[in-house]
Amino acid sequence: MNSFFYDAGSFTCEQVSLSKVAEQFGTPLYVYSKRAIIENCHSIEEAFEGFPHLTTYAVKANSNVHILKLIAEQGLGADVGSKGEMFLALKAGFSPATVSFSGVGKRDDEIEYALQQDILAFNVESEQELEVINTIARRVGTKARILLRLNLDIDAGTHEYISTSKKQNKFGVASQCAVAVLKQAQQLSHIDIRGIHSHIGSQITNVEAFVAAANALGTLVEELRTEQIPVHDLDFGGGFGIQYHGFIAHPQVPFEKPEANGLSAAAFIKTVLPILKETGCSISIQPGRSIVADAAVLLTKVLYRKETGERTFIVVDSGMNDLIRPSLYQAHHQIVPAELKNAKFERVDVVGPCCESGDFFAQERALPRAERGDYLALMCAGAYGYVLSSNYNARLRPAEVLVDRESCSLIREREKIEQLLD
């Protein structure tokens, strides 16, 4: 069930009018649906049909501690990319035994902190990292459980900035080097080899890429075991794409063709699970976007209409400092009005107030005519939204609100101007 819909012409999250939320808390404003987050978690878990596994939420997608707590309460683990994310995950209630640590640039203090917390495993990215972890684990007096991240050289068909498993990317060890690297790891006294890990990119809508990755990992597991290298755990990563186009369908909203039919993390999991089962490994995955992206909108207020003869600009009070995805890699977010007025469609650029020509949310987009004071909702803004926000132009980061049926609560206050001095 979609938690965002029009009710008598008013755009609604669960049972709350978003116009009223905007009036109460101001804009720019991130608004999350509690129901949507819970349903996304359950959908992923149900896709395994009772098969033992571990789902570790990718904290990088959204690290608000209230969101993390809600996800932890659904029984998921966490995948973190820094000491800060680990700290937040543990504070939110994730068990250390369900926390994995990914990333190409783990600092020595971060490694030591993770060992002290006795986390599930490190997803190791290089030979030198293995040696560093071994040295620190020896000093701490423990063994480090590791999975070797492999670069499968698979083009997942996503944007180059969020591609992670082509040979020119910085992530992982080339799959043809797996045997040599893990044999080296077997000689390290404070390394406990648990298995292998792969993550082929983000916002992947091509199921064939996941199938190729699953088959490649299955072949590698067999090869490693033939070489007497233990492979107990297989972390398949995440990157499951979501529907950004046409998330809201209504006669008074311009039609957008969805990315693909039946696009969901659950559908991807059901496709690759039979292949992964054949490895005999304990299976884990790392969804992030597919849990939180479509569970939120970014509300913004129209400041001005500006018509130049060449373009019509809708200038809003939110900018690239609040949601950088469109500026960073031309990501698409559907934009809908908070109140339907049976307005005619027009082609406009929706732009922010930042001093950059790249500060836009849409270019030459068909939208219902918007006037000064109207509220607009940028759909599917729950992932890589606030976590990538900044104080560019000394702009204050927005507030965040969580809706639960007919009520809403502030889960992050809007920054105050005095905080710019910190």
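A simple spin-label model places pseudo-atoms 7 Å from Cα toward Cβ; at F255 and S390 they are separated by 3.9 nm. In region 34-293, taking the dipole from charged Cβ atoms about the Cα centre, the farthest positive-side position among I200, T56, L70 is held by L70. Once you reduce region 345-409 and region 87-137 to the center of their Cα atoms, the two points are 35 Å from each other. Where the only charges are on Cβ atoms (+1 Lys, Arg; -1 Asp, Glu), what is the dipole of region 34-293 about its Cα centre, to the nearest 20 debye? About 420 debye. Neighbour counting of Cβ atoms within 10 Å sorts the residues T205, T300, fewest neighbours leading, into T205, T300. Here V65 and Q228 are evaluated by their C-beta separation; at R0 = 51 Å the FRET efficiency comes out at 0.70.
Between A8 and S409, the FRET efficiency estimated from the beta carbon spacing at R0 = 30 angstrom works out to 0.75. Taking a Cβ cut-off of under 13 Å around K344, the surrounding Lys, Arg, Asp and Glu residues balance to a net charge of +1, with basic ones at +1 and acidic ones at -1.
Which entries in K34/K106; K306/K341; K183/K270; K20/K69; K60/K106; K34/K91 show an alpha-carbon gap greater than 22 Å? List each step's numbers first, then the result.
Details: K34/K106 32 Å; K306/K341 20 Å; K183/K270 33 Å; K20/K69 26 Å; K60/K106 15 Å; K34/K91 19 Å.
Among K34/K106; K306/K341; K183/K270; K20/K69; K60/K106; K34/K91, the Cα-Cα distance tops 22 Å for K34/K106; K183/K270; K20/K69.
Secondary-structure-derived ellipticity at 222 nm for the chain, considering helices only, amounts to -8000 deg cm²/dmol, per-run term -39500 (n - 2.57) for DSSP H runs with n ≥ 4. Think of the chain as a dipole: +1 on every Lys or Arg Cβ, -1 on every Asp or Glu Cβ, centred on the Cα centre; then among S19, A212, I283, S19 lies furthest on the positive end.
Kindly list the residues of region 128-147 that lie in the label zone of Q186, defined by a backbone N under 19 Å from the point 7 Å along the Cα-to-C-beta vector. Those under the cut-off are 128, 130-131, 134, 144-147. For region 239-345, chymotrypsin sites (Phe, Trp or Tyr not before Pro) are listed when DSSP marks them as loop and at most 12 other Cβ atoms sit within 10 Å of their Cβ; the list is F255. Tell me the label only: which of (1) 24, 49, 23, 3; (2) 29, 57, 13, 0; (3) 26, 53, 20, 1 is P(r) over Cα pairs in 20 Å bins from 0, in percent as calculated from this structure? Comparing each candidate, only (3) matches the computed number. Placing pseudo-labels 7 Å out from each Cα toward the beta carbon at K306 and H332 gives an inter-label distance of 2.6 nm. If you plug the beta carbon distance of V179 and I417 into 1/(1 + (r/R0)^6) with R0 = 56 Å, you get a FRET efficiency near 0.50.
Per-residue packing, averaged as other Cβ atoms within 10 Å, sorts the ranges 316-327, 127-138 into the order 316-327, 127-138, beginning with the highest.
Each residue of region 137-146 was assigned a 3J(HN,Hα) from its phi angle through the Karplus curve 6.51 cos²θ - 1.76 cosθ + 1.60 (θ = phi - 60°); the sequence is 5, 5, 5, 6, x, 8, 9, 9, 7, 9 Hz, with glycine and proline shown as x. Cross-link partners among lysines for K257, C-alpha distance below 22 Å, same-chain residues fewer than 8 apart left out? Partners within reach: K344.
Read the figures in this text as sums done on the coordinates, not as results from a lab. In this text the structure is predicted, and so the values were computed from the model without any measurement. Here the Cβ is made from the backbone with ideal geometry for all residues, glycine too, and neighbour counts use every protein chain on show.
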